[in-house]
Amino acid sequence: MDEPTSTPAVPAALVFAGQVLDPGSFRSWDEPPSHAEEGVRNAGYAADLARARARSGADEAALTGEGRIGGRRVAVLLSEFTFLAGSIGAATAARLLHAVERATAERLPLLAFPASGGTRMQEGTPAFVRMIAIANAVTAHKAAGLPYLVHLRHPTTGGVLASWGSLGQVTTAEPQALVGFLGPRVYQALYGAPFPEGVQRAEHLARFGTVDAVLTAGGLREWLTTAVGLLTGPQDSVTEPVVARHPDEPAAAAAGSVWDSVQQTRRAGRPGLAELLAEADTVLPLSGTGAGERDDALRLALARFGDRSCVVVGHDRAAAAVHGPVGPGALRTARRGMRLAAELRLPLLTVIDTHGALLSQEAEEGALAGEIARCVAELSTLPTPVVSLLLGEGAGGAALALLPADRALATEHAWLSPLPPEGASVILYRTPEHAPRLAEQQRIGAAELLREGVIDRILPEPATPELFVRHTVEAIREELAAAAALTPPGPRLVRFNGLAQ
């Protein structure tokens, strides 16, 4: 009589892949690993590996291959935590490195799903330093203009988090996932006290802009379908650049004073960035700097307008009314958006609508002025096309930080000034009463900006908010399509009366 046989374990990583990828689409790239050298040095290690294989159903702590998301081909890195806690040894690192390099050679988006305790203690320093090679390969992948998207599973710690787990252009995490550099058990052993509860949980890190979203497997599937679609969709057609203004658009602002325009931009109910994004064809919101800082007065997103994907960085007037003005963290988030545009080789859309930057001790200590300067410098030399939209208020350095562009648009009542007119009046006259007159004298209105060459096009403002948004979004679609015809520029210079300054 035959002996009963046990059913081989199915690696948890493959179960997870089946929940996220298109059904049945995963194909392995892996060759059998070799642990001969480590086994000679550590006889007990061979037994550890054998037990890990039997327990997990996997032959190593990482599985790699390809699959499809929304029908689009992608490369995949999967940690298998049940194999020695997902730890990275020399054979694991070699497998990951081969997969990253193959994804780059085949120009595939790369999706990483780490769940690991870090590097493998049985192999020590030789395994530890291999994190450098993996990080370098990921960096080369991004330098080739290819997406690298990371989803942190429970748990992700140690050297994995400190290398390929933290290099995603977009990073999400599993609900309640433990995500931290030093595992809580190790922390307690080293310092004799428990690590503060909740600090290393995905939800806590999302509040600080370290991860962009916390998603279940089902939510992640939808998120990745959107992200991969935005980053790999059709970008082939090229439209001739638009003229400075269309025949049906005004050469100057509507009747009324510039001060009337200032008041128009401050009215409750005036459409802002949130309404523009709601009218986009596809939007994937991102959060914070990706480095532990978040300021909701500025929004960052991947979006598609028409058949053009772009990175969007803009002031959110509604959020600023709740959370306060633009601070240093918001501008560091803007710089993250600039880096994303450069890495992903996408055009950047900046949207300016701000009453001014935050004035506080925290803003000064956070280098607000320096962040404005760095935004201007990086935006001025970005290697991808930039379209800026002056949507409403454009006060001070917070506006200047998003202004340099290849094509600059302004809505009919938008304005740009060193300070709100009331602030200028206080400086000159010690009272805000002269603000209406200074608004005219300082040439802050859209008509003057067009005449001075600061902007290229004025967009009319229809009577209803719905038409306002629809017309503005259509102009964005046109400008992004035209941006594809632009050659990578040199420094973006503000033009006055046709003269570069």
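The values are calculated or read from the model by the stated rules, or taken from the named source; none is laboratory data. Everything numeric in this text was worked out from a predicted model, so none of it was measured. Every residue, glycine as well, gets a Cβ built from its backbone with ideal geometry; the counts of neighbours run over all protein chains shown.
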Test set (1) touching a helix residue (DSSP H, G or I) at 6+ places or on another chain (Cβ under 7 Å); (2) at pLDDT below 95 - ALA255 fails condition number
(1)
Would you point out which residue out of THR171, THR225 is surrounded by fewer than 18 Cβ atoms within 10 Å (Cβ to Cβ), not assigned by TED's automatic domain parsing to the domain that holds ASP295 and not acidic (Asp, Glu)?
THR225
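Specify the residue that is nearest to LEU276 (Cα to Cα); the eligible residues are those in the range 371-402 that are among the β-branched types (Val, Ile, Thr) and crowded, with 24+ Cβ neighbours inside 10 Å.
Here is the first cut: in the range 371-402, the residues among the β-branched types (Val, Ile, Thr) are 372, 376, 381, 384, 386-387.
From the residues that got through so far, the ones that are crowded, with 24+ Cβ neighbours inside 10 Å too are 386-387.
Numbers: VAL386: 17, VAL387: 15 Å.
Top of the filtered list is VAL387.
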Would you please list the contacts, defined by Cβ atoms under 8 Å and residues six or more apart or on different chains, that run from a residue in the range 346-357 that is in the same structural domain as VAL312 (by TED's automatic domain parsing) and over 14 Å from GLU393 (Cβ atoms) to a residue that is part of a strand (DSSP E or B) and basic (Lys, Arg)?
PRO347/ARG308
If I ask for residues that are of a type in the set (D, E, K, R), part of a loop (DSSP other than H, G, I, E, B) and either over 30 Å from LEU277 (Cβ atoms) or in contact with a Lys or Arg (Cβ under 6 Å, 6 or more places away or on another chain) (or both), which ones from the range 425-474 would you list?
ARG430, ARG443, ASP456
The residue from GLU433, GLU452, GLU364 that alone is more than 19 Å from ARG336 (Cα to Cα), surrounded by fewer than 17 Cβ atoms within 10 Å (Cβ to Cβ), in contact with a strand residue (DSSP E or B) (Cβ under 6 Å, 6 or more places away or on another chain) and assigned by TED's automatic domain parsing to the domain that holds SER309 is GLU452
Residues located in the range 181-203, provided they are under 20 Å from ALA291 (Cα atoms) and assigned to a helix (DSSP H, G or I):
ALA202, GLU203
Taking the condition surrounded by 24 or more Cβ atoms within 10 Å (Cβ to Cβ), among the acidic types (Asp, Glu) and over 20 Å from ALA341 (Cα atoms), does GLU80 pass?
yes
Does GLY159 count as touching a helix residue (DSSP H, G or I) at 6+ places or on another chain (Cβ under 9 Å), assigned by TED's automatic domain parsing to the domain that holds THR82 and in a helix (DSSP H, G or I)?
yes
